[in-house]
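The values are calculated or read from the model by the stated rules, or taken from the named source; none is laboratory data. Remember, it's a predicted structure, so these values are computed and weren't measured experimentally. Here the Cβ positions follow ideal geometry from the backbone for every residue, glycine too, while neighbour counts run over all protein chains shown. The accessibility values were calculated without ligands, DNA or RNA, using every heavy atom of the protein model including side chains. Shrake-Rupley method; radii C 1.70, N 1.55, O 1.52, S 1.80 Å.
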Amino acid sequence: METNALQAKWSRIITLTLILGALMVLAIAAPVSLRASGDNAVANGDFENGTTGWTCKICTVTAGSPAESGAAAQLTTTKTTGRAQLFQNNITLQPNTTYELRFWGRSATGADLRVTLLQQASPRTNYGIKNQVFNLTTDGQVFTYTFNTTGFNSSVSDARLSIQAERGKGLKYSIDGLSLIPTGSPPPPPPGREMLIYDWNKPITIAE
């Protein structure tokens, strides 16, 4: 009797240990594909884990080719009205920091894309990119855009990176290699007016 009771006890202990071990593995493994890697604030930006972590509105999205490398998001718009968008929430950003947005993109018809980085909930604060247009072509190419984060004074984890298509049904895009990485350098200044000053023995005015 004591032997049977001891065996039953050890059997329960082993079963509970296996269950707890399995739960720990699931808890660790489940969110891995949603975590950003290294300095990149975007999770699964290379779409090697399928479309996990991404939401598609007014569109369908799968992972496949063509791609910059491996797999890419293959987005197809599904309505003639509104702008389809592929987006990711819960992105962590640092305040007053220079970031570089980078992605590889291709459009089957040469349709452009617009990118916005904003607060994912009301009041939808602009976090540094607002409707930045990228001119895609039928050939895949890499695009970069340098900007400063704005609209917050301490680290946030509620940023949304939104990629919007042009209006129209059946537009096809391929997107790969998405990243948001701090650069440590300020963005280039916007283009301005040029002033040429010559060796002239009097004050120079803008009009001159």
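Selection within region 143-185: residues that are closer than 18 Å to residue 63 by Cα and of a type in the set (A, V, I, L, M). The member of this set that is surrounded by the fewest Cβ atoms within 10 Å (Cβ to Cβ) is 171. Taking the criterion of being over 18 Å from residue 68 (Cβ atoms), in contact with a Phe, Trp or Tyr (Cβ under 6 Å, 6 or more places away or on another chain) and not β-branched (Val, Ile, Thr), the residues of region 107-131 that qualify are 117, 118, 128.
Residues in region 64-84 that are open to solvent by less than 50 Å² (accessible area, probe 1.4 Å), touching a strand residue (DSSP E or B) at 6+ places or on another chain (Cβ under 7 Å) and farther than 30 Å from residue 184 by Cβ: 7 in all. Tell me whether region 95-102 contains one or more residues that are among the charged types (D, E, K, R), farther than 27 Å from residue 39 by Cβ and open to solvent by 60 Å² or more (accessible area, probe 1.4 Å). No, region 95-102 has no match at all. Each residue in region 61-107 was checked for being closer than 23 Å to residue 152 by Cβ and either touching a residue at least 60 places away in the same chain (Cβ under 8 Å) or in contact with a Lys or Arg (Cβ under 8 Å, 6 or more places away or on another chain) (or both), and 16 of them qualify. Kindly establish whether residue 116 is of a type in the set (Val, Ile, Thr), out of contact with any Asp or Glu (no Cβ under 8 Å at 6 or more places or on another chain) and surrounded by 15 or more Cβ atoms within 10 Å (Cβ to Cβ). Criteria met by residue 116.
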